[in-house]
1. Rounded, prolate or oblate: which fits the chain, taking a ≥ b ≥ c as square roots of the Cα gyration tensor eigenvalues, rounded meaning a/c under 1.5, else prolate when a/b beats b/c?
2. Can you give me the long-range amide H partners of Gly107? Hydrogens built in the peptide plane at 1.01 Å from N, cutoff under 5 Å, separation of 5 or more residues or another chain.
3. Determine the calculated [θ] at 222 nm for the chain from helices alone, applying -39500 (n - 2.57) to every DSSP H run no shorter than 4 residues and normalising by the residue count; nearest 500 deg cm²/dmol.
4. May I ask you to rank Arg80, Arg91 by accessible area, largest first, using a 1.4 Å probe over the protein chains only?
5. How much accessible surface does Lys54 have with a 1.4 Å probe, in Å² rounded to 10?
6. So what's the net charge close to Leu49: Lys and Arg +1, Asp and Glu -1, counting the other residues with Cβ under 13 Å from its Cβ?
7. Residue by residue, what Karplus-based ³J(HN,Hα) values in Hz, rounded to whole numbers, does segment 17-25 have, using 6.51, -1.76 and 1.60 with θ = phi - 60° and x for Gly and Pro?
8. List every residue whose amide H lies under 5 Å from the amide H of Thr9, counting only residues 5 or more places away in sequence or on a different chain, with H placed 1.01 Å from N in the peptide plane.
Amino acid sequence: MAMTLSMVTFDTTDADSLATWWAEQTGGEVVERNDGWFVMVAGGSLPVLLAFQKIEDPTPGKNRIHLDLTAEDLDAEVDRLLGAGATLVARRGDESFRWVTLADPQGNQFCVAAADHV
């Protein structure tokens, strides 16, 4: 028996706003809202659903699961994400492979790498 990844779920105190932010960043769209307690994003550049689950108290500290994304122009995409409300955590790698760790507006970390190096 094998499993298939179908969704990545974020815990958040505001599922609607974080889902909207991720939909805008990936070219996806909010496809289900469930009264704001469980919101799903699909389409755009997403190979799976992103889900946002409203909880009272998010887990503190660094998230243990994160998204690894790619971009044709790493520097331009990082600049765009920073302009859209992401925060810079760290620029990493060397001339052979570079990636940037960012955090979304609620502090969930994710990485963006150059598409030609993945």
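The values are calculated or read from the model by the stated rules, or taken from the named source; none is laboratory data. Bear in mind that the values here come from a model prediction, so they are computed numbers and not experimental data. For neighbour counting, all protein chains shown are included, and Cβ atoms are generated from backbone atoms with ideal geometry for every residue, glycine included. What goes into the accessible areas is simple: the full protein's heavy atoms, side chains included, and nothing from ligands, DNA or RNA. Shrake-Rupley method; radii C 1.70, N 1.55, O 1.52, S 1.80 Å.
1. Prolate, since a/c reaches 1.5 and a/b exceeds b/c.
2. Under 5 Å from the amide H of Gly107: no residue qualifies.
3. Mean residue ellipticity, 222 nm, calculated: -5500 deg cm²/dmol.
4. If we order Arg80, Arg91 from most to least accessible, we get Arg91, Arg80.
5. 110
6. Value of the local net charge: -2.
7. Ordered by residue, 3J(HN,Hα) equals 5, 5, 4, 4, 4, 5, 4, 5, 6 Hz.
8. Amide H neighbours of Thr9, under 5 Å, 5+ apart: Ala51.
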